[in-house]
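Please read the structure below before turning to the comments.
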Amino acid sequence: MSVDRELDGPALLAQLRGWAEAEGFSQIGVADVDLGSAEAGLVDWLSNGFHGSMAYMAAHGLKRARPAELVPGTLRVITARMDYLPRSTPDGWQAIEWQRLARPGEAAVSIYARGRDYHKVLRQRLQRLADRLAEVVGPFGHRVFTDSAPVMEVELAAKSGIGWRGKHTLALHREGGSMFFLGEIYVDLPLPTTAPVEPHCGSCSACIDICPTQAIVAPYRLDARRCISYLTIEHDGPIPVELRAAMGNRIYGCDDCQLVCPWNKYARRSTLPDFDVREPLDSATLLELWRWGEAEFLSRTEGSAIRRIGHARWQRNLAVAMGNALRAGLDAGIAQALRAAREGSSELLREHIAWALAPR
C-alpha cells in the first residue's frame, strides 16, 4: 500500500458517515494504528491461557495490536458500529430475556445469533463503503474485517470514539449500550482521527457479579475458558463438568452481562431486516431443537452464525441444557428423548447424555 495525495479529510469523513448511515451503520470512527498501550495486556491475557482452545488468538502474535504489520501500509482504521437488536424488539426486552432464562425447558439463543450471520451483513456493507470511498479518492489500499482476522476490535473502537471498553470487555456507548457489532476497514489514507470518549462504568460491577460461570475474573479481564459463549460456540470438546449446571438453558452464547448492564436501556434496534428473528430461535423448546437431525439443522441455520458450530456441538449444548431441565424438575419427554439418542451417538455426545441423565 502507498498513497500520496491531498485529501479533504473532514469532508471525506462527513461523506463516510452519510454512506454508512444509508448502509445501516449507526456510527463511524477513525483510529490511528498505534495500539502499543494494549500490547502488554494482550501478552498477559495469552500467557494466562485465557484464550482457551482458540489457538488463532495466539498464532499471529502481536500483529493483533499492530495494524500496519497485519496489513502493511495501513495508516488509519475506519471503525463502524451496527446495532443488532431485531426491529420488532419490544420495550422491556431485558425482562423478557430474563424470563426466558427462568424457563428451563425453553432454549436460550443469544440475541445476536437469531437473525442472519453478521459476518456476511457487515462485510458486504463495509466493502460498499470502501467502494464509495474509492469513487471519490481513486484506488487506495484497504482490507475489510469483521470478527474475521487478528484485529483488536474493541481497542480500535475505543480509540476512535465508538465507545469505551466495559468491564465485561465489550464496547459500550452512552447512547447505544453494547448490543452492536463492530467492523473495520484498514486503509492507507491519512484520514483525520476521531476522539475517544470517556468511560462511564464507574463503580458498577453488575456484569462481573451476574456472570453465571464467573468468567469475568477482574474488571476488563475475561477468562474465555469459563465463558458460556466460548463454551457453546468456540470450544469443540467436552464442556467442563463443573460449568455445566451454570449454563442453564443457554445453548448458543450468553447475554447475561449485557442484559444486566444499565447502559443497555439505551440499546437501539437495528434498521435492517437481516437481524429479524428467524423462527423458532426465540421461542423453541429444547426438545423441539433436539429433534432436528443434521439435515434439518443445516437447513434451518442456513445463512446463520449458528451453522458454524455444526450439528454435533449443537446437540452437545442441548444435552447439557436438557440435563439442567431435568435437574430443575422438568421432564416432558426429555429423559426419554435423551435415552433414545444414546445409541449410535458420538463418544462426545454420549458422555453429555450420560451426565444429563445421571441422578443428582
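Computed from the coordinates by the stated procedures, all read-outs in this text should not be read as laboratory data. Here the structure is a predicted model, which is why all the values come from computation and not from measurement. Every residue, glycine among them, receives a Cβ derived from its backbone with ideal geometry; neighbour counts consider all protein chains shown.
The stretch between residue 308 and residue 37, if pulled fully straight at 0.36 nm per residue, gains 94.2 nm over its current Cα-Cα span. May I ask you to list the residues of the range 142-169 whose amide nitrogen lies under 20 Å from a point 7 Å from Cα along the Cα→beta-carbon direction of residue 265? Under cut-off, by backbone N: 164, 166-168. The string of couplings for the range 187-193 from the Karplus curve (6.51, -1.76, 1.60, θ = phi - 60°) is 10, 9, 9, x, 5, x, 7 Hz, one whole number per residue in order, with x for Gly and Pro. Stretching the chain fully between residue 209 and residue 295 yields a gain of 27.0 nm (0.36 nm per residue, less the alpha carbon separation). In a fully extended conformation the segment linking residue 276 and residue 346 would gain 21.8 nm over its present Cα-Cα distance, using 0.36 nm per residue. Highest mean first, the peptides 180-188, 282-290, 95-103 sorted by other C-beta atoms within 10 Å per residue fall in the order 180-188, 282-290, 95-103. Looking at the chain alone, DSSP beta bridges between its own residues are antiparallel in about 90 percent of cases. Shown in residue order for the range 316-328 are the 3J(HN,Hα) couplings computed by the Karplus curve 6.51 cos²θ - 1.76 cosθ + 1.60 at θ = phi - 60°: 4, 4, 5, 4, 5, 5, 5, x, 5, 5, 4, 5, 7 Hz (x for Gly and Pro).
Take each of the peptides 262-275, 115-128, average the number of other beta-carbon atoms within 10 Å over its residues, and list them starting from the highest. Write down the numbers at each step before the final one.
Values: 262-275: 17.5, 115-128: 19.1.
For the peptides 262-275, 115-128, the packing ranking is 115-128, 262-275.
Here the 3J(HN,Hα) profile of the range 351-358, calculated from phi with Karplus coefficients 6.51, -1.76 and 1.60 at θ = phi - 60°, is 5, 6, 5, 4, 4, 4, 8, 4 Hz, Gly and Pro shown as x.
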